[in-house]
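Below is one structure, written out as structure tokens, with a few remarks after it.
Read-outs: derived from the displayed coordinates by stated rules, not from any lab. Every value quoted in this text rests on a predicted model; they were computed, and no experiment measured them. Because the Cβ atoms are built from the backbone with ideal geometry, glycine has one as well, and the counts that use them run over all protein chains shown.
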Amino acid sequence: MRCNLGVVFAVALSLLTAAGCSEHNAETGAAGLDATTRRLLAASEEGQNWLTYGRDYSETRHSPLDGINPGNVGRLGIAWYHDLDTNRGQEATPIIVDGTMYTSSAWSKVQAFDAVTGKLKWQFDPEVPGKVAVNACCDVVNRGVAYWEGKVFVGTLDGRLIAIDAGTGKQVWSVVTVDQTKPYTITGAPRVIKGRVIIGNGGAEMGVRGYVSAYDGATGRKLWRFYTVPGEPGKRDGEVSDDILEQAAKGWHGKWWSDGGGGGGTVWDAMAYDPDLDLLYIGVGNGSYWDQVRRSDGKGDNLFVGSIVALRPDTGKYVWHFQETPGDQWDYTATQHMILANLTIDGKNRKVLMQAPKNGYFFVLDRATGELISAKPYTAVNWSTGYDLRTRQPKINPAALYSQQKSTWVALPGALGAHNWQPMAFNPATGLVYIPAQEVGFVYKSDPDFKRHADGFNIGLDLNVADLPDDKAVQDAVRKSVKGTLIAWDPVRQKQVWSIAQDSGWNGGILSTAGGLVFQGDTHGMLSAYDAAKGSKLWSYDLQTGVMAPPVTWSRNGKQYVTVVAGWGGAYPMFMGGLSWNGNRPGVNRSRVITFKLDGDKRLPAVETTERGTLQAGLAGVDPAIIELGRRAYNRTCTVCHGGGAISGGIVPDLRYSPATSDPAMWTAILVDGVLEQQGMVSFKRDLSVREIEAIRLFIADRARIAQQATDRKAAAGGKSD
Ligand code: CA
């Protein structure tokens, strides 16, 4: 171990002071740190590159580039685009390292491009088995890769962490990070801290126990694992979390470790790192089951569900935590994007951590100690009336405790959150955080007859209550109640400064630039640039498909570029089904990597319209009791992917138009024999009886019949058909 403190720059110096010398010796430089680590520590200064998921360890997503600004942003045009080979959701943040762009797409595939020309250098396909899709709550997405010392790292949907040679696209090493017999998935981007690749996982809707792990970037050897919820009392995991979880277990009740729920608390997205304090921050997800009575006898805080936890990146050792949603039963994850900044609050310079999680509050924490500095709602909130800063507890509305009360609770925010995984951004010049927020309600009710399913969702809720009536006026009213908002938030005053109203939720992640711009894509497929101080829209461009992923910016030879991965999908269209159809482009995904520059003159090809096929409306006169049986079985098993009322959000087939709905033999081949397993549709024979499988078919045919009637009525009235 070599330590030469005389030559290191300030940020690396503080890291060494806090952590001792790095014992990690791959390609060590003068400071005992490898070259990539030294660059990552100063990533905020490398405007030409985008070296890590959130641009820098503080995850600001703010670029120092100002070549594109309010005066010339109107000249932005396409420099190049690349069509991806998938029509599932795209959520990735591209990484740009010295002229090469590394990004990922659905099914955990990784691409490398010449960043300037868009020429594909290589694509890596980890060949994720299609059947794994049933374990993914929210589409087969991937949010991006990490780069370190000539390697690109990706977490795959089936739970592997793979190191790829950045030059050749060939696999260097691969480790399985989960028990693949359990419904774990990875969709989040890894981070690399001092050569340690940090990766979490998802699956808390299916029934798993969450954790985060670190692997040696050079060899793939596991270094440590921190479980976020306790396991069986009296049994130690032999991991760094053992001691703290013995304390956490006091806030757990019942038999959470053995009843198939697993406790949840998955670390599926946000992380941040402060090198001065040498703290890694992880965001911990919801409890499993959602129903707290089923999970924990309806009591206890259930640590570390819904919490931010600070760990030592070298060892995974616990330092502090703050639980945002004690005893969560609303899927209020604390996995949303966290940003580190230094703010002057009450005349004092504070090192803060900021988060706008699903539960609707904007939190400002002291990131050294976990002290709650402030918490204010940034959206409509009805589950609580605020936080007591001294006790750090929310004042929970008793009516929101639907599982204890055996009641129905209509909530804002809903399970999709007031803000989900789509990253925010922080501009230190304006002092504002830009939040891609939304208002999407949800109806919570426990299912008294719930039994754990072999495949798919296991949340313990009755999803029948969310069924919409066939009355179009009611449907339109519900659709209209769903809103998105781009919010510019002052984290010091805890106040909105400006906002842009959007007529749909699930809009894209944010990019902020020193050019005074805020970039965001939206559900309708428009990529727009706003004035960072005032919120006025300065430019927008039609990308022909819904955009969820956050744009990035970078430069080469003095020229600034903006890149975004376009493509619709994810939790919102899957959960919301037909309600996610906003505007004129229902459920369309044309997945592309698109790069813009000033005066770019490429054009996207003309949009080809695709037909959904024919409504399978041949059946009539079926026994209503069978249809009701089919409805309940559909809602329990199918609705989370194929959409409420059998109206698809467009990411997976709309079954009302599927020929299988009119063909019992084909239906059986799919649902019983699993012939479409490679496409992600597994056999459900473990969860559904033969009678239920046929009843679901008849229910969907009945939905097709009702849709056909509506179309016929419209045509008779002289209107066009849908
Ligand atoms: Ca969740």
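Placing +1 at every Lys and Arg Cβ and -1 at every Asp and Glu Cβ, with all other atoms neutral, what dipole size does the chain have around its Cα centre, in debye to the nearest 20?
Details: 75 positive and 74 negative charges, 128 e Å.
Charge dipole, the chain, about its Cα centre: 620 debye, nearest 20.
Within the set Lys445/Lys685; Lys348/Lys376; Lys299/Lys445; Lys235/Lys406, which residue pairs have Cα atoms separated by over 23 Å?
Details: Lys445/Lys685 26 Å; Lys348/Lys376 20 Å; Lys299/Lys445 17 Å; Lys235/Lys406 33 Å.
Violating the 23 Å limit, Cα to Cα: Lys445/Lys685; Lys235/Lys406.
Given the Cα-Cα distance of Val176 and Lys534 and 0.36 nm per residue of separation, how much length would full extension add, in nm? Write out the running numbers ahead of the final one.
On the way: separation 358, 0.36 × 358 = 128.88 nm, distance 4.75 nm.
Going from the current span to full extension adds 124.1 nm.
Using r as the Cβ-Cβ distance of Thr344 and Ala501, and R0 as 35 Å, what FRET efficiency do you calculate, to the nearest 0.05?
On the way: r = 31 Å, r/R0 = 0.88.
Rounded to the nearest 0.05, the efficiency is 0.70.
Take every Cα pair under 8 Å in the chain that's 6+ residues apart, average their separations, divide by the length, and report that relative contact order as a whole percent. Spell out each step's value before the answer.
On the way: 1961 pairs, mean separation 89.9, N = 722.
After rounding, I find 12 percent.
Just to confirm my numbers, what's the Cα centroid distance between segment 493-553 and segment 226-251 in Å?
42
Nearest 10 degrees is fine. How inclined is helix 10-19 to the longest principal axis of the chain, computing both from alpha carbons?
80
Taking K and R as +1 and D and E as -1, what net charge do the other residues with C-beta under 15 Å from the C-beta of Ala514 add up to? Let's see the in-between values first.
Details: positive: Arg55, Arg61; negative: Glu45, Glu46, Asp56, Asp66, Asp531.
After counting each charged neighbour, the total is -3.
Tell me, Lys395, Lys685 in order of fewest to most beta-carbon neighbours within 10 Å?
Working: Lys395 10, Lys685 16.
Least crowded to most crowded, the residues run Lys395, Lys685.
Report the residues of segment 521-537 in range of a label on Asn72: point 7 Å along Cα→C-beta, backbone N strictly under 20 Å from it.
Under 20 Å, as judged by backbone N against the label point of Asn72, lie 528-533 of segment 521-537.
Considering the Cα positions of the chain, please state its Rg to one decimal place and its Dmax as a whole number of Å.
Final numbers for Rg and Dmax: 24.6, 85 Å.
Lys and Arg at +1, Asp and Glu at -1: add these up for the other residues within a Cβ distance under 11 Å of Val116 and post the number. Please report the intermediate quantities before stating the final value.
On the way: positive: Lys119, Arg556, Lys559, Lys597; negative: Asp114.
Summing Lys/Arg as +1 and Asp/Glu as -1 gives +3.
Using only the alpha-carbon atoms of segment 309-448 as identical scatterers, what base-10 log of I(q)/I(0) does the Debye formula give at q = 0.16, 0.17 Å⁻¹?
For segment 309-448, the Cα-only Debye profile gives -0.88, -0.97.
State which entries of Lys109/Lys170; Lys131/Lys151; Lys121/Lys602; Lys182/Lys255; Lys451/Lys480; Lys358/Lys495 exceed 24 angstrom in Cα-Cα distance in the structure shown. All intermediate terms of the calculation are to be shown ahead of the outcome.
Working: Lys109/Lys170 13 Å; Lys131/Lys151 28 Å; Lys121/Lys602 20 Å; Lys182/Lys255 18 Å; Lys451/Lys480 35 Å; Lys358/Lys495 18 Å.
Violating the 24 Å Cα-Cα cut-off are Lys131/Lys151; Lys451/Lys480.
Under 19 Å from a point placed 7 Å out from the Cα of Lys480 along the Cα-to-Cβ direction: which residues of segment 519-559 have their backbone N that close?
Taking a point 7 Å out along Cα→Cβ of Lys480, no residue of segment 519-559 has its backbone N under 19 Å.
Got a sec? Which residues in segment 506-529 would a label at Thr610 touch, if it sits 7 Å along Cα→Cβ and we count backbone N under 19 Å?
Residues passing the 19 Å test: 523-526.
With unit charges on the beta carbons (Lys and Arg positive, Asp and Glu negative) and the dipole taken about the Cα centre of the chain, which residue among Ile164, Gln494, Thr185 sits farthest to the positive side?
Checked the options; the winner is Gln494.
Could you work out how far the C-alpha centroid of segment 81-117 sits from that of segment 278-303, in angstrom?
Computed from Cα coordinates, the inter-centre distance equals 34 Å.
Run through every distinct alpha carbon pair of segment 437-527 and return the Kirkwood hydrodynamic radius in angstroms, one decimal place. Show your work: numbers first, answer last.
On the way: mean 1/r = 0.0601 Å⁻¹.
Roughly 16.6 Å, rounded to one decimal.
Counting pairs of alpha carbon atoms under 8 Å apart in space and at least six apart in sequence, what relative contact order in percent does segment 441-514 give?
Numbers: 63 pairs, mean separation 15.3, N = 74.
Normalised by residue count, the contact order of segment 441-514 is 21 percent.
Could you order the peptides 227-235, 454-462, 543-551, 298-306 from most to least packed, using the average number of other C-beta atoms within 10 Å per residue?
On the way: 227-235: 18.9, 454-462: 21.8, 543-551: 27.7, 298-306: 24.8.
The most tightly packed comes first, giving 543-551, 298-306, 454-462, 227-235.
Could you give the angle, 0 to 90 degrees to the nearest 10, between helix 472-481's Cα long axis and the longest principal axis of the Cα atoms of the chain?
10
Return the percentage of antiparallel bridges among DSSP beta bridges fully within the chain, rounded to the nearest 5 %.
Values: 130 of 135 bridges.
So the antiparallel bridges amount to about 95 percent of the total.
In degrees from 0 to 90, rounded to the nearest 10, what is the angle of the helix 690-716 Cα long axis to the longest principal axis of the chain?
Here the helix axis deviates by roughly 80 degrees.
In a shell of Cβ-Cβ distance under 12 Å around Val482, excluding Val482 itself, what net charge do Lys and Arg (+1) and Asp and Glu (-1) give?
Details: positive: Arg479, Lys480, Lys483; negative: Glu439, Asp476, Asp503.
Combined, the nearby Lys, Arg, Asp and Glu give 0.
With an 8 Å cut-off on Cα pairs and a minimum separation of 6 or more residues, tell me the relative contact order of segment 354-414 in percent. Can you show the working numbers first?
Details: 92 pairs, mean separation 15.1, N = 61.
Worked out over segment 354-414, it gives 25 percent.
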